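The structure appears right after this line, and notes come after that.
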Amino acid sequence: ALNIAWDSRPAAEGGQRWFRLDQDNPRQPGHPLHWRGVYQNWNSMCADCHTSAFSKGYQPDSDRFASQYQQGNVSCSACHSDSAAHATAAELARSVAAGADLSAKGGWLTGNLDTPPRHTGAASSSAQLETCGRCHALRTRLDQSPHGRINDQYSLNRLHAPLYFADGRVREEVFVLGSFLQSRMHQAGVTCSNCHNPHSAKPKLVGNALCSQCHAAESFDRPEHHQHKIGSAGAQCVSCHMPTRTFMQIDARREHNFTTPNPNTAQLAGSPDPCLACHQQQNRQWSIAQSARLWPHQRERDDWFQIQQAALSRMFAFIADSTQAPLYRASLLEQQAPALAASDPSSILNQLDSSNPLLRESGWKAAAALAGNVQALQQLQTHAGSALNADQLSVRLAAFETLMLLQALPTDMPASVRTEYEQYLDQAADRPAGRSLRARYRLLQGNAEAAEADLRRALTMDREYLPAYLLLSDLLRQQQRLDDTVALLSEGLAQLPQNPELLHLRGLTRLQQKRIGGALEDLQAAWRNASDNADFGYRYALALHLTGHDQESRAVVAQLKPRFAQHPGLLQLERRLA
């Protein structure tokens, strides 16, 4: 995919020109983000959403593609898998629906300040959202079927940093589905075609008339509500409730979680303040003061931001609360998996049979943190059968991977699930992350030679891909190839200077080699560059003690103790030094 694009905006807006996508930071040949690099490959990055019925056809052993598609654009069959039968029937004067399950159903009763809008009639199928979402979302393709949906053939990325700000607002280029699934509108039953023409993707109505379909204009489209002059930019619903963030230099995309602006939360979360998008001459403190003055009784729905800072007991309750957005609950499950597994395994186990595929998939991913808990693993076994036979591929693969990592795969497991998982790994191996996953699987199968080949291929694709360095260095150390390990980590540090994880591993390896001076330098640098990592500091202090530098070790312990007083290793080392 070339690094140039056509600006389709009107000339008056600066468009009708060619421009470089990497204009601010031109990439040189050999860089993974250069147009010939692995992250700019059309087959991997573009074609699934910009063609119809695409199959990537990646061949991992030869590192080549045999991609196929029906149409070189987004045609009817991209969304309507029955479109061919529909067209054939029409030629025969018959009728076959091209995708009736994709249409929005029912209607909306308009809401006001006292009563929210309410859906009436038949509920819309989730099929529309899952079909639109496969391209309008940041997600992972799990198979190579020509069609597919989110929560089945695609796994949606959760609300993790740095993709999203801590308050759930979009940060990186994640498109809109992850934003929309946070909204109360989604929870109430709103679907894409309530607001957008499904074939042009354009809004169905202009300006505030779009929102007034459900939110009464006499309540909301007035200065008493928005506190701006009628007809001004500030009087537009989208200015405050759907602020934009620009991607690819010129593409301003609107937030779809429809939250109410709260400058206080935005400041704490480090997210953009929508007020300052228009009032650019002002600052956050002005915005906070104005918000408090103009809307003294307005409370931002900042549950997601607050729950991430809350005590574990509140997190347990939040995950179990069916009134909260499933994407919030699923993201929290994955983010806090180790703490949840240690304190209350039931908070994970209870989601393994959830009726919501987002929660069920995340529950199985979080269950990997239950390793070592015999009782929890026994309970896990009771959920394995239903998960490995689930209707959704995303759930089957998540369950298989976790059960495999925990060495808990049932003997009566369907053989097809392993085949599906291996096919997923093969198709994901066109990028460094997929190669590394494939290498991990091969290690678990006892094939260290093939795993090493995959990891070295991952580093050929991207010389800065840290997980491959970490996994390969572990493999080499296990084989006692210490010189190779140091050489690999040194190569990594040439690409990622002063990376604390690479320095830490090289220091430990040099200790094994009895190269004490270099080892202590590396361990000290690792701790210095990641001073919030208690283990890095502890291991540096322990290495000093074990190599006869007790005075220096005591000094490090004295620096660590005020911040990490309960670290078990640190307490033991302090007693040894005493």
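The values are calculated or read from the model by the stated rules, or taken from the named source; none is laboratory data. Keep in mind it's a predicted model, so treat the numbers as computed, not measured. A quick note on method: Cβ atoms are made from the backbone with ideal geometry, for glycine too, and the neighbour counts reach across all protein chains shown. Heavy atoms of the whole protein, side chains included, go into the accessibility calculation; ligands, DNA and RNA do not. Shrake-Rupley method; radii C 1.70, N 1.55, O 1.52, S 1.80 Å.
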*For the range 408-544, what is Rg from Cα atoms divided by 2.2 N^0.38 Å, rounded to two decimals?*
1.20
*What Rg and what Dmax come out for the range 1-149 when only alpha-carbon atoms are used, in angstroms?*
21.0, 63
*When the solvent-accessible surface of protein heavy atoms is calculated with a 1.4 angstrom probe, in what order do D24, D550 fall, highest first?*
D24, D550
*Probe 1.4 Å, all protein chains in place: accessible area of Y424 in Å², nearest 10?*
30
*For the range 192-237, convex hull volume per residue from C-alpha positions, Å³*: 67
*Where the eigenvalues come from the Cα gyration tensor of the range 346-415, what are the semi-axes √(5λ) of the equivalent ellipsoid, largest first, in whole Å?*
16, 14, 10
*Just the accessible area per residue of the range 235-326, please: how many Å² with a 1.4 Å probe?*
53
*Reachable lysines from K204, criterion Cα separation under 29 angstrom, eight or more residues apart if same chain*: K105, K229
*Leaving ligands, DNA and RNA out of it, report the carbon-plus-sulfur percent of the accessible area of the chain at a 1.4 Å probe.*
50
*How large are Rg and Dmax for the range 64-209 when only the alpha carbon atoms are used, in Å?*
17.7, 60
*Roughly what angle does helix 466-478 make with the longest principal axis of the chain, taking Cα atoms, 0 to 90 degrees, to the nearest 10?*
30
*In a Debye calculation with equal point scatterers on the alpha-carbon sites of the chain and no solvent, what is log10 I(q)/I(0) at q = 0.08 Å⁻¹?*
-0.69
_aspartates and glutamates whose Cα lies under 14 Å from that of K56, excluding same-chain neighbours fewer than 8 positions away_ = D48, D143, D426, D430
*Treating the angle as unsigned and between 0 and 90°, give the value, to the nearest 10°, between the Cα long axis of helix 326-335 and the longest Cα principal axis of the chain.*
10
*For the range 159-316, the fraction of alpha-carbon pairs in successive 10 Å shells from zero, as %*: 9, 37, 39, 14, 1
_How large is the convex hull of the C-alpha atoms of the range 158-249 per residue, in Å³?_
132
*What's the angle, to the nearest 10 degrees (0 to 90), between helix 568-577's Cα axis and the longest principal axis of the chain?*
20
*Find, to one decimal place in angstroms, the Kirkwood hydrodynamic radius of the range 289-444, where the mean of 1/r is taken over every pair of different Cα atoms and then inverted.*
17.1
*Descending semi-axes in whole angstrom, ellipsoid equivalent of the range 208-272, from the Cα gyration tensor*: 23, 15, 11
*Which percent of the Cα-Cα distances in the range 239-357 go past 24 Å?*
42
*Within the set of other residues whose C-beta is less than 13 Å from the C-beta of A252, count the net charge using Lys and Arg as +1 and Asp and Glu as -1.*
-1
